[in-house]
1. Which one is modelled with the lowest pLDDT among residues in the range 60-79 that are open to solvent by 60 Å² or more (accessible area, probe 1.4 Å) and within 22 Å of Arg112 (Cβ to Cβ)?
2. Give just the number: which of (1) surrounded by fewer than 15 Cβ atoms within 10 Å (Cβ to Cβ); (2) modelled with pLDDT of 90 or more; (3) out of contact with any helix residue (DSSP H, G or I) (no Cβ under 7 Å at 6 or more places or on another chain) does Lys108 not satisfy?
3. Which residue is nearest to the chain's Cα centre (by Cα), if the candidates are limited to the range 1-26 and must be over 29 Å from Lys108 (Cβ atoms) and small (Gly, Ala, Ser)?
4. Tell me which residues, restricted to the range 111-165, are under 19 Å from the mean Cα position of the chain (by Cα), farther than 18 Å from Phe37 by Cα, of a type in the set (Val, Ile, Thr) and modelled with pLDDT under 95.
Amino acid sequence: RQLYLGGAIGIYNGDITRLFEDIAEVGPHQLKATPTFWNKIYTEFQAEFKERTLHLSKKAADIQPLFSFEADQPSSTNASSSETASQTNAEPSSPPQRLTKREKAQIKQAIREGLLKEYRDMLGGRAERVVTGGAPTSKEVMDWMWDLFSGRVAESYGTTESGGITTRGEFVSG
């Protein structure tokens with residue numbers, strides 16, 4: 001039925017180093033994989049997130065250029081060279097402040113949202129249904145998958161012969 005309605009089938013080319021290129025090229029509407037696959041991607045996501053948020057222990061003045069487009073703007077051409085030189089050598093009026101917990105949380109959330117979008121795109125950017133199955137998937141990975149795919153995730157495992165008997169870690173009564 002899927003092919004009749006214009007669907008396509010993508011087949012893994014055998015080169016594990018190009019798996020995500022293959023997935024991005026196909027842009028699947030459905031992704032089905034075992035927890036091992038999702039655990040690997042989740043681990044990579046967490047490592048990338050940690051790398052991108054390491055700078056948050058620095059002072060706010062050191063972080064500001066990372067989040068401001070104004071930092072790259074040329075200085076005003078109306079200021080005289082002597083004024084510019086005196087401003088450059090001037091001592092700051094107060095020491096740089098550390099980021100508040102709220103500011104750090106906002107920055108981390110923005111970084112996480114951007115990274116989630118990168119991973120959605122890496123996985124084709126069109127997934128309408130995602131299934132993990134064959135074995136239980138950890139709550140941590142399932143929660144991440146729900147964030148990644150806006151809740152369009154099903155977990156199915158149990159009896160292969162009759163279909164899945166669990167969803168989102170809960171047994172489904174029939």
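The values are calculated or read from the model by the stated rules, or taken from the named source; none is laboratory data. Since we're looking at a predicted model, the values are computed, not measured. Here the Cβ positions follow ideal geometry from the backbone for every residue, glycine too, while neighbour counts run over all protein chains shown. Just so you know, the surface numbers come from the protein's heavy atoms only, side chains and all, with ligands and any DNA or RNA stripped out. Shrake-Rupley method; radii C 1.70, N 1.55, O 1.52, S 1.80 Å.
1. Residue satisfying both the conditions and the ranking: Phe69.
2. Among (1) surrounded by fewer than 15 Cβ atoms within 10 Å (Cβ to Cβ); (2) modelled with pLDDT of 90 or more; (3) out of contact with any helix residue (DSSP H, G or I) (no Cβ under 7 Å at 6 or more places or on another chain), Lys108 violates only (3).
3. Out of the qualifying residues, it is Gly10.
4. Correct list: empty.
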